[in-house]
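K.L.:
What follows is a structure written as structure tokens; I'll ask about it next.
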Amino acid sequence: MNQYLSIFLKSMLVDNVVLIQYLAICPFIGMTSDTGKATGMGIATTFVIILATAVTYPLFYSVLVPLKLQFLETLVFILVIAALVQLVEFYLKKSIPGLYSAMGVYLALITTNCAVLGTTLNCISKNYNYVQSLVYAAGTACGFLLAMTVMSGVRERISSSTVPKFLQGKAILFITAGLLSLSFLGFSGLIK
Amino acid sequence: MAKNNRFAAFVNGIVKENPLLVLSIGLCSSLAVTTNVFNGIGMGLAMTFVLIMSEMIISLFRRQIPEDIRLPIFIIIIAAFTTIVQLLLNAYIPSLSDALGVFLPLIVVNCIIMGRVESYASKNKVLDSVLDAFGMGLGYTWVLFVISLVREFLGSGTFFGIRVLPEAYTIAFFSRAPGGFFVFGLLTALTLGISKAAAKKGDAK
């Protein structure tokens, strides 16, 4: 139990996917202009990251490894993720239209979100077992959601304050991200 | 005239539509691997290779690829070239491949490639597409070079591994995660400032 908790906390806070590992910066900068959008994107991505890990992990060990095709993992994983996102989109459209209208627009973008592919590849390279991988994926996904929500909150404050002239526009976002990242570095003592 | 257009397609990516500084796409890899110059340039070149090859192949087959399923086809082509780069680096420069880690396979989902392939290579001739890819790749690589130069100099006090600053004067902050965001933020501010100043000058004329 302890071991799972430490994987979860490590992937969520200590190695935060956006602020420490630098994955998924595009939605982090592009989609955080309002809190609603950012949370929607965060939740949709959380769902896809966990699902993608749940599917690609067994696929790697039961298909690619016996066939000695490990070098094709990038190609296979990205296709699986793209197909998976499509399926989820169809399913939601058909059975839960309310959720689809809230989340649908973000789903298409998630295929090219590097956090998804990155997490599935990391699970393999870290030699986790199946449960550990799922916990790792859940932690990473929560970390992403956390980063998106915090950033969008900060951005709302930025929009109502005066920014130094030379930092106006995108530059201030990166400086903000840098400060957030600095504060997340403080978590590094959390887990030995 | 045609020659001018080609030149414009080439230069476009280097400054005016620089993928990192102006369009803000493909940022992940640019921040993660730039802790030293060697990795920065390595990543830039790997990315440029995939970009050129993908744009070339897709532009070559742009009439054959069915409109409805073009995105999956693009992804497969890009993934194939990414795998080639991965295998090549693994075989010939294993140290670089280790240092780039997960960011090497992540070239597949780099928005720069998908963006250029979709908006340029699928509509233009082969030569133009290759030039566009060259420009974009060069634009990507020089920004990576500058970021990694600053981060390596301040963070570990070296240049290509050669010590230029005594260790006591280095600021570890720059080789950790936040430093990347800061350096990139300042670089964006600088580019924006320069392009604004240039625009003002143009108006005055």
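The values are calculated or read from the model by the stated rules, or taken from the named source; none is laboratory data. Please read these numbers as outputs of a predicted model, since none were measured by experiment. Using ideal geometry, Cβ is built from the backbone for each residue, glycine included, and neighbour counts are taken over all protein chains shown.
K.L.:
For the structure I just gave you, tell me whether residue B:26 is within 20 Å of residue B:187 (Cα to Cα) and either away from chain A (no Cβ under 14 Å) or at pLDDT 90 or above (or both).
P.N.:
Details: within 20 Å of residue B:187 (Cα to Cα): yes; either away from chain A (no Cβ under 14 Å) or at pLDDT 90 or above (or both): no.
The answer is no for residue B:26.
K.L.:
Residue A:30 - would you say it is closer than 19 Å to residue A:158 by Cα, within 15 Å of the chain's Cα centre (by Cα) and free of Cβ contacts under 8 Å to residues at least 24 places away in the same chain? Walk me through it before giving the result.
P.N.:
Numbers: closer than 19 Å to residue A:158 by Cα: yes; within 15 Å of the chain's Cα centre (by Cα): yes; free of Cβ contacts under 8 Å to residues at least 24 places away in the same chain: yes.
Yes: the conditions hold for residue A:30.
K.L.:
State all residues of the stretch A:67-102 that are surrounded by 15 or more Cβ atoms within 10 Å (Cβ to Cβ) and among the small types (Gly, Ala, Ser); if no residue qualifies, say none.
P.N.:
Within the stretch A:67-102, A:82, A:102 meet the criteria.
K.L.:
Only residues that are away from chain A (no Cβ under 14 Å), under 30 Å from residue B:173 (Cβ atoms) and hydrophobic (A, V, I, L, M, F, W, C): list them for the stretch B:33-88, please.
P.N.:
B:37, B:38, B:41, B:45
K.L.:
Any residue that is without any contact (Cβ under 8 Å) to a residue 24 or more places away in the chain and in a helix (DSSP H, G or I) - is there at least one of those in the stretch B:125-132? Working first, answer last.
P.N.:
Quick first cut of the stretch B:125-132, residues without any contact (Cβ under 8 Å) to a residue 24 or more places away in the chain only: none.
Looking through the stretch B:125-132, none of the residues is without any contact (Cβ under 8 Å) to a residue 24 or more places away in the chain and in a helix (DSSP H, G or I).
K.L.:
Of everything in the stretch A:157-179, what is hydrophobic (A, V, I, L, M, F, W, C) and facing chain B (nearest Cβ under 8 Å)? Give them in sequence order.
P.N.:
From the stretch A:157-179, those hydrophobic (A, V, I, L, M, F, W, C) are A:158, A:163, A:166-167, A:171-175, A:177, A:179; that's our starting set.
Result: A:166, A:167, A:171, A:172, A:173, A:174, A:175, A:177, A:179.
K.L.:
Among the numbered criteria (1) over 19 Å from residue A:40 (Cβ atoms); (2) touching a residue at least 12 places away in the same chain (Cβ under 8 Å); (3) of a type outside the set (A, V, I, L, M, F, W, C), which one does residue A:164 miss?
P.N.:
Just one mismatch for residue A:164, condition (2).
K.L.:
Here are some residues: B:187, B:149. Which one is away from every other protein chain (no Cβ under 14 Å) and part of a helix (DSSP H, G or I)?
P.N.:
On the way: B:187 fails: away from every other protein chain (no Cβ under 14 Å).
On inspection, the qualifying residue turns out to be B:149.
K.L.:
Continuing with the same structure: Taking the condition basic (Lys, Arg), within 14 Å of another protein chain (Cβ to nearest Cβ) and outside any loop (DSSP other than H, G, I, E, B), does residue B:201 pass? Quick ask: steps written out before the conclusion?
P.N.:
Values: basic (Lys, Arg): yes; within 14 Å of another protein chain (Cβ to nearest Cβ): no; outside any loop (DSSP other than H, G, I, E, B): yes.
No, not satisfied.
K.L.:
A further question follows. So, in the stretch B:160-177, how many residues would count as being buried (at least 16 other Cβ atoms within 10 Å of the Cβ) and under 20 Å from the mean Cα position of the chain (by Cα)?
P.N.:
So the count comes out to 2.
K.L.:
Let me ask something additional. Among the residues of the stretch A:22-47, write down those that are over 18 Å from residue A:173 (Cβ atoms) and either crowded, with 23+ Cβ neighbours inside 10 Å or among the small types (Gly, Ala, Ser) (or both).
P.N.:
Within the stretch A:22-47, A:36, A:40, A:44, A:45 meet the criteria.
K.L.:
Please indicate, with yes or no, whether at least one residue in the stretch A:41-62 is within 9 Å of another protein chain (Cβ to nearest Cβ) and not in a loop (DSSP other than H, G, I, E, B).
P.N.:
Here is the first cut: in the stretch A:41-62, the ones within 9 Å of another protein chain (Cβ to nearest Cβ) are none.
Within the stretch A:41-62, not a single residue is within 9 Å of another protein chain (Cβ to nearest Cβ) and not in a loop (DSSP other than H, G, I, E, B).
K.L.:
Sticking with this one: Quick one: in the stretch B:89-143, which of the residues that are of a type in the set (Val, Ile, Thr) and more than 14 Å from chain A (Cβ to nearest Cβ) is farthest from residue A:22 (Cα to Cα)? Steps first, answer last, please.
P.N.:
At the first step, the residues of the stretch B:89-143 found to be of a type in the set (Val, Ile, Thr) are B:93, B:102, B:107-109, B:112-113, B:117, B:126, B:130, B:141, B:143.
Now drop any that are not more than 14 Å from chain A (Cβ to nearest Cβ), which leaves B:93, B:126, B:130, B:141.
Numbers: B:93: 24, B:126: 34, B:130: 29, B:141: 18 Å.
It comes out as B:126.
K.L.:
Of the residues in the stretch B:106-124, how many are touching a residue at least 60 places away in the same chain (Cβ under 8 Å), surrounded by fewer than 19 Cβ atoms within 10 Å (Cβ to Cβ) and among the charged types (D, E, K, R)?
P.N.:
Result for the stretch B:106-124: 1.
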